[in-house]
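Throughout, read-outs are computed from the coordinates displayed, never taken from laboratory work. These figures come from a predicted structure and were not determined experimentally. Neighbour counts run over all protein chains shown; Cβ positions are idealised from the backbone, glycine included.
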Amino acid sequence: MMNKTSMCPSLLIAAISAVLVVACFGEPGDAEAQTVDWKIPPDPEIVNFKREDAEIVTQDLVAPPFLPSHEQAVSGPPKIVRIQMNIVEREVEIAPGVFVWQMAFDNSVPGPMPVVHQYDWVELTLHNGASTEAGFRVNDGSNSMMHNVDFHASTGALGGGELTQVTPGQEVVVTWRATKAGLFLYHCAPGGIMVPYHVVTGGNGAILVLPREGLRDGYGNPIRYDKVFYFGEQDYYVPKNADGTWRRSNSYVEQMGAMLQVMDGLVPTHVVFNGKTGALTQDIRLEAAVGETVLLLHSQALYPSWPHLIGGHGDWVWPFGKFNNLPDEGLETWLVPAGGTAAAVHTFEQSGRYVYLNHNLIRAFVKDAKAFIDVTGEWNNELMEQTSAPRTLTN
Ligand SMILES: [Cu+2]
């Protein structure tokens, strides 16, 4: 970025921009002036582009922690991004001997993460069906309850919740415009007590709405990531039998009464990343290399979380996961609000195992809100070195 002070005389003589002139009179480091300078005004041609003129593209969703292949920045007009999600009621062993009937968007907890760009439209077909994949217990191949989806990224009709209600065996299509950039939660919201029940049983995920120009750091420079991982943090409230063993139910409906009683105490029995204990420490091995920049995305539908990367940092962290706000630099721990998200990037500089976790360490280690990231490459002694090995005390 150019130095504002040196720009001032020429800008004033040319009388280019009232905004920049105001910025010139700010003190060096003036936060307001920086913010004004950092923001990119929306392009009216993009904002006013009509849906009827937009090209339709189909996006195949994938299970977290991974994302569909996507462009990080786009230059053309907004598109209609066509996606489909099938809701499945299924029973999963979330920890050894602990079984939960989940409602899973697209057979996944958290649900898959669509990726669009700001001002695109999302055309979602929501299917209230059944699992077609082996490995889960389902109710004779059919769901039992009405489901829907509330996209926090959308505008109106309860985030689409009013327009997406589908009973078992139905499907519905809703099209909405992604007018805000950022990572946004979505979740099932069928009304009343069903809202928390469906969310605590896994009915949530997030959608990534990238700025059309892509991500930018605090200086306004483009950030391009080599990899992106999505951590969906999930609280469970599993009931117990009278003898202290974990209670197992025969269906999504049957499970509800006892689970609501545990929920009433507000203390989760299990906290995990990506659906089950060990999902990102045992089942899936996340890898990166020294020099790679990784985008770390995190959602929590029910409770705040405080992400921390052991051995690294949030080089740039976007407040509440919203990319049109000036990112914070060099954070140790940041915030996911309940019902929200966080987004951070880190460029790995050392090899070894990193742990990305909720720095409520009880939730991370007594429960299981954590993931490992194994990083290959060179070790830089300038950054850290054991300059004296452990030795026996002599006095
Ligand atoms: Cu639901």
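Any idea what angle helix 252-264 forms with the longest principal axis of the chain, computed on alpha-carbon atoms, 0 to 90 degrees, nearest 10?
It is inclined by approximately 60 degrees.
Along the charge dipole of the chain, which of VAL375, VAL272, VAL336 sits closest to the positive end, that is, farthest toward it, with unit charges on the beta carbon of Lys, Arg, Asp and Glu (+1, +1, -1, -1)?
Farthest towards the positive pole: VAL272.
Taking the mean number of other Cβ atoms within 10 Å as a proxy for protection, how do you rank 69-78, 147-156, 190-199 from highest to lowest?
147-156, 190-199, 69-78
Please go through the stretch 49-104 and write out the trypsin sites (Lys or Arg not before Pro) that DSSP classes as loop and that have at most 14 other C-beta atoms within 10 Å.
LYS50
Could you compute the FRET efficiency for ASP328 and ALA289, with r as their C-beta to C-beta distance and R0 at 30 Å, rounded to 0.05? Display every interim value, and only then the final one.
Details: r = 25 Å, r/R0 = 0.85.
That gives a FRET efficiency of 0.75.
Give the distance, in whole Å, between the Cα centre of the stretch 146-203 and the Cα centre of the stretch 311-343.
Cα centroid of the stretch 146-203 versus Cα centroid of the stretch 311-343: 25 Å apart.
Kindly give the semi-axes, whole Å and largest first, of the ellipsoid equivalent to the chain, taking each as the square root of 5 times a Cα gyration tensor eigenvalue. Intermediate results must be reported in sequence, preceding the final value.
On the way: eigenvalues 297, 187, 60 Å².
Semi-axes from the Cα gyration tensor: 39, 31, 17 Å.
Have a look at the DSSP beta bridges in the chain and tell me what percent are antiparallel, nearest 5.
Bridges in the chain are about 70 percent antiparallel.
If you fit an axis through the alpha-carbon atoms of helix 4-14 and take the longest principal axis of the Cα set of the chain, what angle between them do you get, 0 to 90°, nearest 10?
The angle comes out near 70 degrees.
For the stretch 150-296, rounded, prolate or oblate, judged on the Cα gyration tensor with a ≥ b ≥ c (square roots of eigenvalues), a/c < 1.5 rounded, else prolate if a/b > b/c? Each step should come with its number before you reach the end.
Values: a/c = 2.72, a/b = 1.39, b/c = 1.96.
Because a/c hits 1.5 or more and a/b fails to exceed b/c, the stretch 150-296 counts as oblate.
Of the GluC sites (Glu not before Pro) in the stretch 278-382, which ones lie in a loop per DSSP and count no more than 15 other C-beta atoms within 10 Å?
Answer in residue order: GLU332, GLU378, GLU382.
Which of the three applies to the stretch 44-212, rounded, prolate or oblate, going by the alpha-carbon gyration tensor with a ≥ b ≥ c and a/c under 1.5 meaning rounded? Please list the in-between numbers first.
Details: a/c = 2.13, a/b = 1.80, b/c = 1.18.
Because a/c hits 1.5 or more and a/b exceeds b/c, the stretch 44-212 counts as prolate.
Expressed in whole Å with the largest first, what are the equivalent ellipsoid semi-axes of the stretch 187-274 derived from the C-alpha gyration tensor as the square root of 5 times each eigenvalue?
The answer is 38, 15, 11 Å, longest axis first.
Past 31 Å, Cα to Cα: identify those pairs from LYS39/LYS276; LYS50/LYS276; LYS276/LYS322; LYS180/LYS227; LYS50/LYS227, in the order given.
Beyond 31 Å: LYS39/LYS276; LYS50/LYS276; LYS50/LYS227.
Stretched out fully, how many nm does the piece from SER388 to ASN48 gain, at 0.36 nm a residue minus the Cα gap?
116.0 nm
Using a 10 Å cut-off on Cβ atoms, rank the peptides 121-128, 108-115 from the highest mean neighbour count down.
Highest-to-lowest ranking by the protection proxy: 108-115, 121-128.
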